[in-house]
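The values are calculated or read from the model by the stated rules, or taken from the named source; none is laboratory data. All figures in this text were calculated on a predicted structure; none of them were measured in a lab. Counting neighbours? That spans all protein chains shown, and the Cβs are built from the backbone with ideal geometry, glycine included. Quick note on the areas: whole protein, heavy atoms, side chains included, nothing else; ligands and nucleic acids left out. Shrake-Rupley method; radii C 1.70, N 1.55, O 1.52, S 1.80 Å.
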Amino acid sequence: MGIGLLFFTCTQKPKTIPKEQQKVVKDAVLLALQEEIRSETLRSWKDYKKYAWGHDVLLPLSKGSFDWYKESLGISPIDAYSTLKVMGLENEAREIEQYALTMDWDKDMYVQVFEVNIRILGGLLSMYHYSGNEAILEKARDFGNRILPAFNTPTGIPTHSVNLRTGKKAGNLGKGKGDIVNVAQAATYLMEFGILSYYTNDSKYYQAAKKATKAVFERKSVIGLPGEQINVYTGEWEGTQWHHLQAGVDAYYEYMYKSWMIFPDPEIKEIWEYSIDKINTYLLDKYEGHHFYAIVDMHTGKILKRSVSLYDAFFPAVQAISGDIDAAEKNQHTWDWLWNKYGLLPTRYKYDEDKVEYANSELNPEIIESAYYLHQITGKEEYLDMIKEYWNDIKKCCKSEVAFHAIQDVRIMKKKDYLATYFFAETMKYFYIAFSQEEFDFNEYIFTTEAHTFKRSDFDPKEAKERLGY
Ligand code: DMJ
């Protein structure tokens, strides 16, 4: 301890920094973090362009690229657009807009309806939202029309895949065996399809999405829970008879609440109110001081497996925005506890055995997203501190010479050669807006499950009722 400090400590009351100056100090820290996120995003984006331009995914360790299907759908750029726009990276965003205009969706390829809806349709709609470019809206409409035939099934639940050229549907079980999709694949369309209906003044998209959501909801068990996997032709629950709010179900619940925030369809609100009550009754598992949401039997509500996946960390955000702050905070603290145990979240963790079931971690955004919502809604500094810590850990474990990389095993921080497209769409966006101050007003925006950004005020509730037809 220096003499000056000793003297100070013993003889004077510690000086309190005046309020005004405190704000300046805090702002400077946030400003620096925000700038760091922006420059790391730009660095990663330049790396994508250098090594993977025109392809779906950047492989950062091998400095290569990867396409989901036989031809690229430009998933990384379309996913990245709204984030670059939020960060004010105008030249980069404009370049993607030009690129999207060159995309021809007339491809003889089967694509996964759920994945391309949240990434491509959502990305294009957000691009239209920001640019006002009608040709981009046409690209979105064309894409929407090409995946819409998937919904033409006896239940109204879309098939797993659809051919972009022919509209032919394909299951994931092979010829003649039917088609089973999980609940998220069945019913995560209300936002993108609702927004497409709003912008095109054609209700058919929202109506298809709503029919699919209702088809899942109406097949709930006697205790009011849906299952996990459903046959789109027969409407029968297949496989495990499990229910949970993890990967494979997650965004079904997310869209029930969030879509209602911009398109106040009373039927969807009713479904949400019914469903959240069942989640709280059956899935919430208070276990050794933590609030987990377990895997339960859809018919009895009995807990079958005490295991969580990192995707479930989306839920505190939905709890917070729908008004259950207490539940949201307890849930977020559980996730934060798990993060601190490993320094990142493992994909699956069995909490009654303290066992990592799937050790990979792929720069997923959910825990950051929920901390951001909680910081905005409660104003509590602890959530901002969590986000700072997540950023430091990601920097420490995942920053590469080329962009960032995923992790194969969080227990030994073994690297994985992959940079998921949502890193651009979601992860860096949530960090950036969490560290931003006046420039980004949380209350003005709504985010899709892929964090594509829309101003709430863009959607007039009266117009929405007309255009979406509810
Ligand atoms: C994203 O692609 C979407 O948020 C999806 O709904 C599930 N989670 C991934 C990222 O983890």
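Couple of notes before you dig in:
- Selection of region 416-451 for residues being within 16 Å of the ligand (Cβ to nearest atom), farther than 23 Å from Leu30 by Cα and not in a helix (DSSP H, G or I) yields Lys416, Tyr418, Leu419, Ala420, Thr421, Thr448, Thr449, Glu450.
- The single condition among (1) among the charged types (D, E, K, R); (2) under 23 Å from the mean Cα position of the chain (by Cα); (3) more than 16 Å from the ligand (Cβ to nearest atom); (4) surrounded by fewer than 24 Cβ atoms within 10 Å (Cβ to Cβ) that Lys220 does not satisfy is (2).
- Restricting the first member to region 230-258 and to residues that are more than 17 Å from Glu369 (Cα to Cα) and assigned to a helix (DSSP H, G or I), and the second to residues that are away from the ligand (no atom under 16 Å from the Cβ) and not hydroxyl-bearing (Ser, Thr, Tyr), the beta-carbon pairs closer than 7 Å and six or more apart or on different chains are Met256/Ile268; Met256/Ile271; Met256/Trp272.
- Test: Ala184 is closer than 23 Å to Val318 by Cβ, within 16 Å of the ligand (Cβ to nearest atom), small (Gly, Ala, Ser) and at pLDDT 95 or above: yes
- Applying the condition of being of a type in the set (S, T, N, Q) and more than 16 Å from the ligand (Cβ to nearest atom) to region 363-387 and asking which residue is nearest to Glu254 (Cα to Cα) yields Gln376.
- Residue match in region 135-144 (condition: in contact (Cβ under 8 Å) with a residue 12 or more places away in the chain, among the hydrophobic types (A, V, I, L, M, F, W, C), open to solvent by 30 Å² or more (accessible area, probe 1.4 Å) and under 30 Å from Thr234 (Cα atoms)): no
- Residues that are open to solvent by 40 Å² or more (accessible area, probe 1.4 Å) and either farther than 30 Å from Lys341 by Cα or among the charged types (D, E, K, R) (or both), drawn from region 279-305: Lys286, Glu288, His299, Thr300, Lys302, Lys305
- Just one of the listed residues (Tyr81, Tyr51, Tyr99, Tyr69) is in a loop (DSSP other than H, G, I, E, B) and either touching a helix residue (DSSP H, G or I) at 6+ places or on another chain (Cβ under 7 Å) or in contact (Cβ under 8 Å) with a residue 24 or more places away in the chain (or both), namely Tyr69.
- Unique match (being small (Gly, Ala, Ser), within 16 Å of the ligand (Cβ to nearest atom), buried (at least 21 other Cβ atoms within 10 Å of the Cβ) and within 24 Å of Tyr422 (Cβ to Cβ)) among Ala328, Ala320, Ala313: Ala313
- Given (1) away from the ligand (no atom under 16 Å from the Cβ); (2) at pLDDT below 95; (3) open to solvent by less than 40 Å² (accessible area, probe 1.4 Å), number of the condition Lys175 does not satisfy: (3)
- Residue pairs whose Cβ atoms lie under 6 Å apart, separated by 6 or more positions or on different chains, with the first residue in region 167-192 and over 25 Å from Thr448 (Cα atoms) and the second among the small types (Gly, Ala, Ser) and modelled with pLDDT of 95 or more, are Lys169/Ala150.
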